[in-house]
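The values are calculated or read from the model by the stated rules, or taken from the named source; none is laboratory data. Because the structure is a prediction, the values reported are computed rather than measured. Glycine also receives a Cβ, built like all others from the backbone with ideal geometry; neighbour counts cover every protein chain displayed.
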Amino acid sequence: MKIWFKIMGLLAFFFGSYLASYIIVAMFYEFAYEVNIFENNKLEVEMALVGDTLFCLILIGFVFWRRRRLAESCHFEKPKTSVFFVTIPLAICLNLFLTFVMPFVPLDESAIEMQEMFKPFLEAPLWMQILILGVFAAVNEELMMRGLIFHELRRKMPIIVAVVVQGTLFGLLHMNLFQVAYAAPMGILLGFIYVWTRSIWITMSIHFFNNLTSTLLSNYVAEDISGSIIYSIFFFVLTIVFIVWLYRLQFADRTVATMTNEKEAASI
């Protein structure tokens, strides 16, 4: 029970910090521009960018404040180059699978709410979209969920249970049923990949390229490409292929090292 109080406390702290960041930025913009920022899409997006930056600094500061357990909290090990490059097609295929399959989920009202929520961001310059929806979403959410929250969970429960719990919490934090439907499974998958690779850079990369694919599709693909069973199956299979490929690349060196050690031990 104690661990759940700690997790809820951490989530409350992060959520409170997130709200505080936006309140501070909103107050500054209200004072500086003397307009209602929520009636000005451009200022609303700028405020989101500054707020995300401030929240990112808070998260990084929190991680380094716990620097004695930094390696345990967030694995910052440099990933293998081959593993890193597999994250790009993996993220793209995962995103396209979700794009094609999600229209079959009966959550039309939530999907419309999500589209309305993101509309101001999609009207902003592309570089701002990439920073807000790509960079800061990946860095902030990975540090918070796959890093700090998962670290606390795995100390008190089996790894698989901790991965499922953090992924579920990741989905629920999006607070929109349509987003929860795909964010929770994605959070669980990222949790397993984080455990395999022991590198938060890998999950940040997958998260970034997944969101970047959505952003580019929204900007440059005019027709609706969603809702195809055939394409859903095709990109699901490709996603599994790249997950297996990533797994094999990550553990290839360990397998070789284990076999080498066994041969050396046998010769002794």
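Could you tell me whether any residue of the stretch 231-252 is surrounded by fewer than 16 Cβ atoms within 10 Å (Cβ to Cβ) and modelled with pLDDT under 65? No - not one qualifying residue is present in the stretch 231-252.
Report whether or not ILE112 is buried (at least 16 other Cβ atoms within 10 Å of the Cβ) and either more than 22 Å from GLU46 (Cα to Cα) or touching a residue at least 40 places away in the same chain (Cβ under 8 Å) (or both).
Details: buried (at least 16 other Cβ atoms within 10 Å of the Cβ): no; either more than 22 Å from GLU46 (Cα to Cα) or touching a residue at least 40 places away in the same chain (Cβ under 8 Å) (or both): yes.
Answer is no for this residue.
Scanning the stretch 170-191 for residues that are more than 12 Å from the chain's Cα centre (by Cα) and surrounded by 18 or more Cβ atoms within 10 Å (Cβ to Cβ) turns up PHE178, GLN179, VAL180, ALA181. Of the helices (runs of 4 or more DSSP H) that lie entirely inside the stretch 125-235, those containing 2 or more residues that are closer than 23 Å to PHE84 by Cβ span 137-141, 150-154, 159-172, 177-197, 200-220.
Identify the residue in the stretch 96-106 that is surrounded by fewer than 19 Cβ atoms within 10 Å (Cβ to Cβ) and either part of a helix (DSSP H, G or I) or touching a residue at least 40 places away in the same chain (Cβ under 8 Å) (or both) and, among all such residues, is farthest from the chain's Cα centre (by Cα).
Selected residue: PHE104.
Within the stretch 50-71, being more than 17 Å from the chain's Cα centre (by Cα), surrounded by 14 or more Cβ atoms within 10 Å (Cβ to Cβ) and modelled with pLDDT of 80 or more holds for VAL50, GLY51, LEU54, ILE58, PHE62.
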